[in-house]
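Working notes for the structure below.
The values are calculated or read from the model by the stated rules, or taken from the named source; none is laboratory data. These numbers were taken from a predicted model, which means no experiment stands behind them. Cβ sites come from the backbone with ideal geometry, for glycine too, and all protein chains shown count toward neighbours.
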Amino acid sequence: MSITFYSGENIPLEMHKVRIVQKLNLPPVEDRVAAIREAGFNTFLLKNEDVYMDMLTDSGVNAMSDRQQASMLEADDSYAGSATFTRLSNKLTELFGTKYFLPTHQGRACENIISQVLVKPGQTVPMNYHFTTSKAHITVNGGTVEEVFKDEALNLNSEDLFKGNMDIEKLTTLIEERGAENIAFVRVESGTNLIGGQPHSVENLKEVRAVCDKYNLKLVYDISLLADNLYFIKQREDAYKEKSIREITRELADQAHILYFSARKLGFARGGGIITNSEEDYLAMREFITLYEGFLTYGGMSVREMEAITVGLDETMDEQYISQGPEFIKFMSDELQKKGVPVVLPAGGLGCHIDASKFLEHVRQTDYPAGALAAAIYIASGARGMERGTMSEQRDENGVETLAHMELVRMAMPRRVFTLSQVKYAVDRIAWLYDNRELIGGMEFVEEPKVLRFFFGKLEAKTDWPEQLAAKFRADFGDSL
Ligand SMILES: *Cc1c(COP(=O)(O)O)cnc(C)c1O
């Protein structure tokens, strides 16, 4: 929550206190060089015990509240007809106004089922932007993905408050060109993940729905990152400033035919689900739950997690809870920007995104600047982020690199996890790194998996830049960690 400080300082204030703690370890800089070397300069392969701030992802690592922890003790462990299921199902109906709920083990499981039921080979799915797993499931079922985002969406330094909005004109043109019968459904993603957690507006979703109605198409709404998007709507969309988070949620949900979510993000726990008011869609998808997930009243989730999700969804309606992530991300992005570090603006949800192509102008794109920067940030701070650039692409059939649109390092901000002094520490070390950026060099693969190479691939620094960076760190910080 932002409050006015007598000192004039402009910082977010935590509206929670920490009641369970986990000890962290900050290894000395030389050990950090050794650890990242052993991890093949890939932050996915670091051991968490060597990490001070785990900013790899916001998935499944958000802090639970005391109320969530308490609710887990009441979980009803029955295979069928569990009271836990009824509680979660009722909460979803209360918040989203949907009648039917299909539980799944996580978000991509929803995408698997929705794609199997709705995508026919050759069909296209227009969307504001793709997410890795949503695209993969549509493709596996013979479909293709068409992104109909606004031109502003890829502008890293923009004033646009709703970069996640769909371009209605592009959407209509696409449907006209392909023919509505060749469109499987229209997908909108809240808190658009891969363009930096950028929101869409209520108005835009309503416009998308009007187009869907005109062509008799289904609107599928991915609400995994809804919490951040709700906060941004309340802050930025004039017509909704006076509405409650519950009212906004309901208005959004009313636009969609099918909604789905990863509860690793929405609900501060671990799981997922599909919700809808359409009995026909519900029945078509239901058998896949028992085939892939589990019985209809748990869908692969632990009942304890389901109780936590029920409470977590309720807490998502509390503006003071959902403001913490976006406000901390804005703080981090603003502070970095003040120190000259190139970051994605306006700050979105999910995490702070650093522009590696500007940070490391001297590193060629084929030497993986975003990957090198992620490794360097770990060396400088013990914080690990995620490469979102060319390393996350894959080579074409001739072995030629596919260069990414953007070279970003994402420093994710798990919800309610870090304190402001920890964020200030990360800012401080990244600012130091920026002033010493000339020391950072490129990388090359030594073990390169063909598919999803960023998860398991191992690289090597092209020179001894990691050691030089550590030596400069020692010289500047003395015996400080
Ligand atoms: C994480 C995510 C998913 C997939 O959810 P998982 O629980 O990781 O399978 C789908 N869509 C969006 C927008 C996401 O952020």
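Return yes or no: is ILE183 away from the ligand (no atom under 16 Å from the Cβ), under 30 Å from ARG286 (Cα atoms) and among the β-branched types (Val, Ile, Thr)? When the stated conditions are applied, ILE183 passes them.
Of the residues making up the stretch 348-364, those that are free of Cβ contacts under 8 Å to residues at least 60 places away in the same chain and buried (at least 21 other Cβ atoms within 10 Å of the Cβ) number 1.
A quick yes/no check of all residues on (1) more than 27 Å from GLY191 (Cβ to Cβ); (2) among the polar types (S, T, N, Q); (3) modelled with pLDDT of 95 or more:
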residue	(1), (2), (3)
SER357	no, yes, yes
LEU360	yes, no, yes
ARG364	yes, no, yes
PRO369	no, no, yes
ILE377	no, no, yes
GLY385	no, no, yes
ASN398	yes, yes, no
MET413	no, no, yes
ARG416	no, no, no
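Residue pairs whose Cβ atoms lie under 6 Å apart, sitting 6 or more positions apart in sequence or on different chains, and linking a residue in the stretch 65-80 that is farther than 27 Å from ILE289 by Cα to a partner that is modelled with pLDDT of 95 or more, are ARG67/VAL311.
Of the residues making up the stretch 65-109, those that are of a type in the set (A, V, I, L, M, F, W, C) and modelled with pLDDT under 95 number 1. Residue count for the stretch 114-145 satisfying the condition of being in contact with a strand residue (DSSP E or B) (Cβ under 7 Å, 6 or more places away or on another chain), among the hydrophobic types (A, V, I, L, M, F, W, C) and either under 20 Å from ALA253 (Cβ atoms) or crowded, with 22+ Cβ neighbours inside 10 Å (or both): 5. Among the residues of the stretch 194-204, are any in a helix (DSSP H, G or I), in contact (Cβ under 8 Å) with a residue 24 or more places away in the chain and either within 17 Å of the chain's Cα centre (by Cα) or within 13 Å of the ligand (Cβ to nearest atom) (or both)? Yes, there is a match, as at least one residue in the stretch 194-204 is in a helix (DSSP H, G or I), in contact (Cβ under 8 Å) with a residue 24 or more places away in the chain and either within 17 Å of the chain's Cα centre (by Cα) or within 13 Å of the ligand (Cβ to nearest atom) (or both).
Meeting the requirement of 3 or more residues that are at pLDDT 95 or above, the helices (runs of 4 or more DSSP H) wholly within the stretch 420-481 are 420-435, 465-477. Can you work out which of the residues in the stretch 142-156 that are part of a helix (DSSP H, G or I) and in contact with a Lys or Arg (Cβ under 7 Å, 6 or more places away or on another chain) is farthest from the ligand (Cβ to nearest atom)? Looking at residues that are part of a helix (DSSP H, G or I) and in contact with a Lys or Arg (Cβ under 7 Å, 6 or more places away or on another chain), I get GLU152. Scanning the stretch 344-354 for residues that are away from the ligand (no atom under 16 Å from the Cβ) and under 17 Å from ASN193 (Cβ atoms) gives VAL344, PRO346, ALA347, CYS352, ILE354. Please verify whether GLN337 is outside the structural domain of ALA253 (by TED's automatic domain parsing), within 26 Å of PRO199 (Cβ to Cβ) and surrounded by fewer than 20 Cβ atoms within 10 Å (Cβ to Cβ), treating the condition exactly as stated. For GLN337, the condition - outside the structural domain of ALA253 (by TED's automatic domain parsing), within 26 Å of PRO199 (Cβ to Cβ) and surrounded by fewer than 20 Cβ atoms within 10 Å (Cβ to Cβ) - is met.
The number of residues in the stretch 215-244 being touching a strand residue (DSSP E or B) at 6+ places or on another chain (Cβ under 6 Å) and either within 16 Å of the ligand (Cβ to nearest atom) or within 17 Å of LEU350 (Cα to Cα) (or both) comes to 6. In this structure, is GLN394 farther than 22 Å from ASP228 by Cβ and of a type in the set (S, T, N, Q)? So GLN394 passes the test. Mind checking whether some residue in the stretch 275-285 is within 16 Å of the ligand (Cβ to nearest atom) and crowded, with 24+ Cβ neighbours inside 10 Å? Yes, the conditions are met somewhere in the stretch 275-285. Number of residues in the stretch 119-164 that are touching a Gly at 6+ places or on another chain (Cβ under 9 Å) and aliphatic (A, V, I, L, M) equals 4.
Residue-level analysis places TYR52 outside the set of residues that are of a type in the set (Ser, Thr, Tyr) and in contact with a Phe, Trp or Tyr (Cβ under 6 Å, 6 or more places away or on another chain). Here the stretch 100-141 is the region considered, the condition is being part of a helix (DSSP H, G or I), within 11 Å of the ligand (Cβ to nearest atom) and of a type in the set (S, T, N, Q), and the residue that is nearest to LEU174 (Cα to Cα) is SER134. Considering the stretch 266-346, the qualifying helices (runs of 4 or more DSSP H), each wholly inside and each with 2 or more residues that are in contact (Cβ under 8 Å) with a residue 40 or more places away in the chain and out of contact with any helix residue (DSSP H, G or I) (no Cβ under 8 Å at 6 or more places or on another chain), run over 279-288, 324-338.
Determine, yes or no, whether TYR52 is at pLDDT 95 or above and over 30 Å from PHE456 (Cβ atoms). So TYR52 does not fit the description; no. Would you check if LYS170 is more than 16 Å from the ligand (Cβ to nearest atom), outside any loop (DSSP other than H, G, I, E, B) and assigned by TED's automatic domain parsing to the domain that holds ALA184? When the stated conditions are applied, LYS170 passes them.
Within the stretch 404-419, how many residues are in a strand (DSSP E or B) and in contact with a Pro (Cβ under 6 Å, 6 or more places away or on another chain)? Residues that pass the stated criteria total 0.
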